[in-house]
Amino acid sequence: MPEPSFVTSRRDFVSLLAGSALLAACGGSGQILGQPGGGTARLTSRPGVPTQPLGAGTHQLTASNPNDGVLLIPDGLPAGPAPLVIALHGAGQGANWTRSAFGPIAQSRRFVLLAPGARGLTWDALSSRYSYDVTFIDGALAWSFARVAIDPARILLLGFSDGASYALGLGAANGDWIPRVAACSPGFIVPSDSPRAGTSQYFVSHGRQDDVLPIDGASRKIVPALRAAGYTVRYEEFEGGHSLPPAGLLEQLWSWAGV
C-alpha cells in the first residue's frame, strides 16, 4: 500500500502528539458510554471483486512504517471468498503486537488478517473523536478489498483493551455490514455521532482479576447495556487479568465468528 494521502503516517502523528495526554481517556472510568467521543464512526469500504489480487504473505499497509499495519493473507487459502478478521490493538501496543498475537492463528485457521495501527498511542475517539483513525481504517479496508476476495458473512471486528472499546463503537455504526464484533477486555463503549446501523452480534470476554479495566465497571455494565439495546451478546468471564482470553476460549471465539 503506497503511503496514504488521506492521513499522515503513524510515525509522523506520534511525533506530532508526543507528550500529550493521549491516554487520559483509557483509564477505566467505569462509564458505559465513555467520553470523549463524537465524530463519524461510519466505514464506507465494502468487499468486492479484487482488481489487484495479491498472493499469500504479510503485506505492509504503508511503505514507511510497519506499525501502520499489515494485511496477512495465509498460505493455502481455499478457493473463493475468505473470512476476514480486522484486529485492533490496545493503547501503546501498535500493529506489530496484533500481528504477533493473531498472525500464527490466521495462518493455521486460514483467515485473512487486517491489523491496522492507530495514528497515535491509542485510537482517536478515546482521546478526541472518531476521525483520522476511521479514515485510515477505511482506506486500509478499501486497499485490502481490492487485493483479496472476502466473504461478507464472515467478517469479524475484534479489539483488545482500548481496541475493544473502539470496536464496540465502530460495531454500532457498521452493524449492517460487519456481522460480528469481539471485545476482549473493553473499558466502555466509545460514542459517536453516527446513527446505529444494523445489529452485529457480540462476543465479550473479560478477566475477573483485571486491574487495568476492572470488570465490575466495564464488561459487567457493558454487556447488560448491549442486551438492553437489542443486541445478541455472548459473554465469557475467565480467571485472569488484563489479557486476551485463554487459548480454549479464544478457539470458541473463532468458531462463534465462523473464521
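General observations
- For the residues Gly76, Gly80, the requirement of being assigned to a loop (DSSP other than H, G, I, E, B) and in contact (Cβ under 8 Å) with a residue 60 or more places away in the chain singles out Gly80.
- The stretch 242-259, subset over 16 Å from Arg154 (Cβ atoms) and assigned to a loop (DSSP other than H, G, I, E, B), residue nearest to the chain's Cα centre (by Cα): Leu244
- Summed over the stretch 187-211, the residues that are over 16 Å from Ala257 (Cα atoms), crowded, with 24+ Cβ neighbours inside 10 Å, touching a Gly at 6+ places or on another chain (Cβ under 7 Å) and not β-branched (Val, Ile, Thr) give a count of 2.
- Residues located in the stretch 231-241, provided they are open to solvent by 50 Å² or more (accessible area, probe 1.4 Å) and either outside any strand (DSSP E or B) or aliphatic (A, V, I, L, M) (or both): Thr232, Glu239
- Residue list for the stretch 231-240, restricted to those being under 20 Å from the mean Cα position of the chain (by Cα) and farther than 28 Å from Arg154 by Cβ: none
- In the stretch 208-230, the count of residues that are in a strand (DSSP E or B) and either hydrophobic (A, V, I, L, M, F, W, C) or more than 14 Å from the chain's Cα centre (by Cα) (or both) is zero.
- Near pairs, Cβ below 8 angstrom, 6+ apart or cross-chain, from the stretch 222-249 (over 10 Å from Val204 (Cα atoms)) to any residue that is open to solvent by 40 Å² or more (accessible area, probe 1.4 Å) and of a type in the set (A, V, I, L, M, F, W, C): Ala225/Ile32; Gly241/Val212; His242/Val212
- Residues satisfying the stated conditions in the stretch 110-128, i.e. among the basic types (Lys, Arg) and open to solvent by less than 10 Å² (accessible area, probe 1.4 Å): Arg119
- Of the criteria (1) at pLDDT 95 or above; (2) crowded, with 24+ Cβ neighbours inside 10 Å, which one Asp68 fails: (1)
The values are calculated or read from the model by the stated rules, or taken from the named source; none is laboratory data. This structure is a prediction, so every number in the text was calculated from the model and none was measured. All Cβ positions, even for glycine, are placed from backbone atoms using ideal geometry, and neighbour counts span all protein chains on display. Accessible surface areas use protein heavy atoms only, side chains included; no ligands, DNA or RNA. Shrake-Rupley method; radii C 1.70, N 1.55, O 1.52, S 1.80 Å.
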